[in-house]
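For reference, the structure is listed below as structure tokens.
The values are calculated or read from the model by the stated rules, or taken from the named source; none is laboratory data. Owing to the predicted nature of the structure, the values given are computational and were not obtained by experimental measurement. Please note: Cβ atoms are built from the backbone with ideal geometry, for glycine as well, and neighbour counts cover all protein chains shown. Note: accessible area is taken over every heavy atom of the protein model, side chains too, but ligands, DNA and RNA are not part of it. Shrake-Rupley method; radii C 1.70, N 1.55, O 1.52, S 1.80 Å.
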Amino acid sequence: MSDAQSVSRRAFVAASAAALVGLTHKGERGVRGGFVEDGGAAGHRLRDNASLGPVRERRRLPLVIVGGGMAGLSAAWWCEKHGFRDYLLLESGDEAGGNARAGRNDVSGYPWGAHYVPVPGKQAMLARVLFEDLGVLRNGVWDERTLCHSPQERLFWRGEWHEGFEPMLNDSAADRAEFRRFQDRLDGLRSSGEFTIPVSRGRPARSALDALTLAQWLDREGFRSRALRWYADYAVRDDYGTAARDASAWAGLHYFVAREPDEKGPLTWPEGNGWIVKRLLERIGTRVRTGATVRAVSRPHGGRVVVVRTEDAEFTADACIWAAPIFVAARVIDGFGASPPLTTAPWLVANLTLREWPDERGSAPAWDNTIVDSPGLGYVNATHQRLSRPGGPTVWTYYHALVQQTPLEARRALRAMSWRDASEFVLSDLERAHPTLRRVVERVDIRRYAHAMARPEPGFLSAPWRSALAASRGPIWYGHADLSGLSVFEEAQDQGVRAARRALAHIGRG
Amino acid sequence: MAAALFATVCLIAACGLVYELVAGALASYLLGDSVTQFSTVIGVYLASMGIGSWLSRYLTRGLAARFVSIELLVAVVGGWSSTLLFLAFAYTESFRVALYAIVAIIGMLVGLEVPLLMRLLRERFTFKDVVANVLTFDYLGALIASILFPLVLVPKLGLVRAALGFGIVNAVVALWSTWLFRGVLGAPRALRIACGVVLVTLVGGFVAGDKLMAAAERGLYADDVIFARTTPYQRIVLTVWKDDLRLYLNNHLQFSSRDEYRYHEALVHPGLAALPAARRVLILGGGDGLALREVLRYPGVASATLVDLDGEMTKLFTTHHDLAALNRRSFSDPRVTVVNADAFSWLDAHDDTFDFVVVDFPDPSNYAVGKLYTTAFYRLLKRHLARGGRIVVQSTSPLFARASFWCIDRTLRDAGFATSPYHLYVPSFGEWGFVLAGVDPYVAPTTLPGGLRFLSLAQLGPMFDFPLDMRAVAVEPNRLNDQVLVRYYEKEFEQINR
Ligand SMILES: Cc1cc2nc3c(=O)[nH]c(=O)nc-3n(C[C@H](O)[C@H](O)[C@H](O)COP(=O)(O)OP(=O)(O)OC[C@H]3O[C@@H](n4cnc5c(N)ncnc54)[C@H](O)[C@@H]3O)c2cc1C
């Protein structure tokens, strides 16, 4: 290859980009992809109360766990840890993991939902025990390869990428002053001791901050900086799938102040929390059954046993851990009573497989890449944790919590969406930061969550149904992130393990 | 006749658009940010065309001769435009001035062409046909050019020759017009001679296009460029001036043949000479084979593995006559194994152990390279170290990048090594530093291999002593999740460049 040729080759790249400017050619070379199974069918059969098939299998056993999300898996992990293996975990999906499920293709593993765990501080004891178990925490030192590599996050703002959110939050003198005041406020709240992770460790009941929305709190405190307001709203959309105008101020502030990491994080893996799922499943072995949707749960004989019914099997157990969402419990558990007043957030997650990194301006690619003033939440890069030099094909996971409409309307819109509409939405959002995206994208695979998580609306902390379920005396114990109201890893784990402790004590194995 | 006339319109439209695209592409290539470059170039070009059209009203007499002269001017300015721009970029500070001036001149000339041509044709066709046909062929020419440009011209000819080629087309149109308009032309002879001269120079330039490109690149470096290649990882440029051979990677000097022996002797011997039993050596980076040359001085070394990302580099330093001479054909030594892979992943995927490891990576100027300077990387390296083994790390300048240098030392210590930092003076780099690291404390060698040009046993002691302005400073270790080194380095580099 002569020198002139190599120069012209580079110029060719520039020129083709240019030809685009001149000819406004939108070269979308046949993007492939589709919707992945979202559990909607099983869910609707439940809702429509379709009739059950004949029982092909009957079993008597001490414990049944319903739901194989992080909470159910954590309950099973706790059992295994205490040498108790006489249980069965029933999961309706064709794979366990729930909101922490992952996918994989030739390029990389990638998350379909939960993708990180903030570095657990000293108070998040259970999480530390788990990570010691998994070899991520050794003698008090976190595994460097699992900690998110630099640069962790960047923000697309004013036409280019900036490392971190600080440049935007400190843009003008007024912004800077408000941001500093905001941090001072957070420091004050932190020292109040009201915000703990998991929530069950603290005694926050009836906090005045749970009576307001986050937006009302920001108003009350006089925070007007557009950048700061956007940032606060982004944080609650990202964590709880709920806008600042709908989320409890307590929940929103919890995000900022509850964690006291002793290390720069978070913990992350190419397949996100799917890595934890995989490692837990290795321990649980054959005691998990997938494709097993629990259709009915009853408590005959004065509640001394629990009968758990799937499409074609019936299990009679001394104890049952309900680790599936609470709105499902109301439909399935006999005598549960009315569905508690809780709303759930619809989400859309897209995995984009890229031939190569598209064009962009500004700071280097980060793990978490956010576009300011976008309806979406940006994307995380699945190959970020690779040790080798960046480059080559990659997978991006794009997140979008549908907060622009009411959950009901958004769910309807989500269901009505064609794959083409959905992928067009994702591509045109990301295209603002990456003009040549369409030329490098190979697949856009999309997962729709009609009911991803409970929304922490004002009053959620002191909701009576939550304390009632938490105080259950068996033989059904409830352990799901819904019980805490904050859908994050630590809460799901805490709820699952709490339920497991009680169930084991009940059957005399704890 | 009519067909010939309208073909002329088509051709001149194509030429005009090609010059515009050449200018836009070149500006994108040299300055980056193609959207900005293209929009400003197109804007200036179109505005200038407007000015040209407006000016056309002042041309009243001798229209045909004027038309031919304008054609010739377009041929000269447009044809040489990319050459001029490359030279302006290489030799002057005012590339943008040249860029917009050239674009404006071409735009004005092209803006003059079409109104003049329409007026010339008005005498032969009805006005409505003139307008319809001229505009049709004008747009058609633009379409052809815009398709040819990215698909054929740039990949096959390159920017310099694409412009020259269309300059030739313009000159041919001029010559041909002297026949088309022979009825109304006063003195076609003089014009035809002028056309001939322009054609000859443009054809000459077209044939010598490669050399022109090379000349432009020479201007970027002080010395003669004898080799340049863009690999998937970097741009490799070799320059020579008298007996000084220099290697640049992405415009950063890697070595000068005049003093590289200082750097490479100091990199290898303080560590390796202290390990008389060393048999297996690993070199990470160092695709120039110069550290390898020093390693191969030891007859006790039974195998040397060199891991460098860029296969083009190792190939170049194996096959290029002068370069292979510089590393004394070390890549052809039977003890040597070359691996072209990313060092981090390679170490992660293998479990061979080595007695001595030379870590010679580029400076930690970005996060991608910075990973190779982290506690995680050094911990991994430790697993590849045989008992009693030692590694040496090129650690930037303890004088110009003091915090960076001591950060590398701190990082190695955090990874569980005992370190011995040292430094020396390399004229083409300035004060430079390395860090020796091992599990056991370092003991200096008592003999050195023969044939060295810089290092002596007496010289060793002072190298490990740091003058006051290079002494250790308090720094954080560099870790995958907190690459402080890249930030130190960036800050220190900014200060030097101020
Ligand atoms: C898109 C997205 C991104 C997220 N990102 C993060 C993140 O990065 N970090 C973080 O900490 N948290 C994140 N979360 C929050 C996440 O929800 C929690 O971390 C956690 O995974 C919740 O676990 P869970 O077990 O409580 O609930 P779920 O994951 O909802 O698990 C419930 C399980 O029950 C099963 N099930 C339901 N009905 C039945 C039935 N009738 N019979 C049998 N099984 C049934 C479901 O299939 C599911 O597997 C994210 C959530 C979403 C939606």
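How much length would be gained if the chain were fully extended between A:E314 and A:R226, taking 0.36 nm per residue of separation minus their Cα-Cα distance, in nm to one decimal?
Numbers: separation 88, 0.36 × 88 = 31.68 nm, distance 5.61 nm.
Difference between extended and current length: 26.1 nm.
Annotation: extensible slack from B:F464 through B:W241 equals 76.9 nm (criterion: 0.36 nm per residue apart, minus Cα-Cα distance).
Determine the shape class of the range A:135-273: with a ≥ b ≥ c the square roots of the Cα gyration tensor eigenvalues, call it rounded for a/c under 1.5, and otherwise prolate if a/b is greater than b/c, oblate otherwise.
Oblate.
Note that chain B, at 37 °C in a medium of 0.692 mPa s, gets a Stokes-Einstein diffusion coefficient of 123 µm²/s from its Kirkwood radius over C-alpha pairs. Among B:M49, B:M470, the sequence by solvent-accessible area, most first, with a 1.4 Å probe is B:M49, B:M470.
Counting only DSSP beta bridges with both residues in the range B:259-497, tell me the antiparallel percent, nearest 5. DSSP beta bridges in the range B:259-497 are roughly 45 percent antiparallel.
Close amide H contacts of A:G33 (hydrogens built in the peptide plane, cut-off under 5 Å, sequence separation of 5 or more or a different chain): A:V444. Loop-resident trypsin sites (Lys or Arg not before Pro) (DSSP state other than H, G, I, E or B) in the range A:289-344 with no more than 11 further Cβ atoms inside 10 Å of their Cβ: A:R304.
Am I reading the A/B interface right? What is its buried accessible area, both sides, 1.4 Å probe, to the nearest 100 Å²? Don't skip to the answer; put the middle values down first.
Working: alone 22390 and 22360 Å², together 41420 Å².
Approximately 3300 Å² gets buried when A meets B.
The listed residues B:K371, B:K315 rank as B:K315, B:K371 when sorted by accessible area, largest first, using a 1.4 Å probe.
Report the label-to-label distance for B:S456 and A:L186 in nanometres (one decimal), using points 7 Å from each Cα along the Cα→Cβ vector. Between B:S456 and A:L186, the simple spin-label model gives 6.1 nm. Summary of packing: across the peptides B:437-449, A:396-408, the per-residue average of other C-beta atoms within 10 Å ranks them, highest first, as A:396-408, B:437-449. Rolling a 1.4 Å probe over the protein heavy atoms gives the range A:170-257 an accessible area of 43 Å² per residue. Restricting attention to the protein assembly as shown, close to 60% of DSSP beta bridges with both partner residues there are antiparallel. In chain B, the longest principal axis of the Cα atoms and the axis of helix B:209-220 are about 50 degrees apart.
Taking all protein chains together and a 1.4 Å probe, the residues B:C195, B:C10 rank B:C10, B:C195 from largest to smallest accessible area.
Here A:D373 sits with roughly 80 square angstrom of accessible surface, probe radius 1.4 Å. Each Lys and Arg adds +1 at its Cβ and each Asp and Glu adds -1 at its Cβ; summed about the Cα centre, the range B:259-497 shows a dipole of about 660 debye. Ranked by the mean number of other Cβ atoms within 10 Å per residue, highest first, peptides A:437-443, A:361-367, A:76-82, A:112-118 order as A:112-118, A:76-82, A:437-443, A:361-367. From its DSSP helices (H runs of at least four residues, each -39,500 (n - 2.57)), the protein assembly as shown gives a residue-normalised ellipticity at 222 nm of -14000 deg cm²/dmol.
How long are the three semi-axes of the equivalent ellipsoid for the range B:1-91, computed from the Cα gyration tensor as the root of 5 times each eigenvalue, in whole Å, largest first?
28, 14, 14
Among complete DSSP H helices in chain A, those whose alpha-carbon atoms stretch at least 24 Å along the helix's long axis and whose mean Kyte-Doolittle hydropathy reaches 0.5 are A:3-23.
B:Y233 contributes an accessible area of around 90 Å² to the protein surface, as traced by a 1.4 Å probe with all chains present. Taken residue by residue and averaged, Cβ atoms of other chains lying within 10 Å of the Cβ of B:152-161 number 5. Label-to-label distance, A:D262 versus A:L52, with points set 7 angstrom from Cα along the beta-carbon direction: 4.9 nm. For the range B:51-56, the Karplus equation 6.51 cos²θ - 1.76 cosθ + 1.60, evaluated at θ = phi - 60°, returns couplings of 4, x, 4, 5, 5, 4 Hz by residue, with Gly and Pro reported as x. Peptide B:342-354 is shielded by partner chain Cβ atoms: per residue, an average of 2 of them sit within 10 Å of its Cβ. The value of relative contact order for chain B, using C-alpha pairs under 8 Å at least six residues apart, is 12 percent.
Here's the picture: a label point sits 7 Å out from the Cα of A:A413 along the beta-carbon direction, and within the range A:331-358 the residues with their amide nitrogen under 19 Å of it are A:343-350. Using the Cβ-Cβ distance between B:A132 and B:A208 with R0 = 41 Å, the FRET efficiency computed as 1/(1 + (r/R0)^6) comes to roughly 0.45.
Other protein chain C-beta atoms within 10 Å of residue C-beta, averaged over B:112-119: 0. Taking the C-alpha atoms only, the angle from helix B:127-148 to the longest principal axis of chain B is near 20 degrees.
Dipole magnitude for the protein assembly as shown: computed about the Cα centre from +1 point charges on Lys and Arg Cβ and -1 point charges on Asp and Glu Cβ, it is near 1540 debye. Please work out whether the protein assembly as shown counts as rounded, prolate or oblate from its C-alpha gyration tensor, where a ≥ b ≥ c are the square roots of the eigenvalues and a/c under 1.5 means rounded, while otherwise a/b larger than b/c means prolate and anything else oblate? Oblate is the answer for the protein assembly as shown, as a/c is 1.5 or above yet b/c matches or exceeds a/b. Which one of A:W465, A:G378, A:V403 is farthest out on the positive end of the charge dipole of the range A:362-510, using unit charges on Cβ (Lys, Arg +1; Asp, Glu -1) and the Cα centre as origin? Checking the options against the dipole of the range A:362-510, the answer is A:W465. Taking amide H as placed 1.01 Å from N in the peptide plane, B:F227 has its amide H under 5 Å from the amide H of B:L238, each at least 5 places away in sequence or on another chain.
Cα gyration tensor of the range B:259-497, axes a ≥ b ≥ c as square roots of the eigenvalues: rounded (a/c below 1.5), prolate (a/b > b/c) or oblate? In terms of gyration-tensor shape, rounded. To the nearest 10 degrees, how steep is helix B:63-91 against the longest Cα principal axis of chain B, on a 0 to 90 scale? Approximately 10 degrees, to the nearest 10.
The HN-Hα couplings worked out from phi for the range B:257-271 by the Karplus form 6.51 cos²θ - 1.76 cosθ + 1.60 (θ = phi - 60°) are 4, 6, 10, 4, 4, 4, 4, 6, 5, 5, 5, 9, 6, x, x Hz, whole numbers, x standing for Gly and Pro.
Between B:I144 and A:V141, the modelled label-to-label distance comes to 7.1 nm, taking each label 7 Å out from Cα in the direction of the beta carbon.
So for chain A, what percent of the C-alpha to C-alpha distances run longer than 43 Å? For chain A, the share of Cα pairs beyond 43 Å comes to 18 percent.
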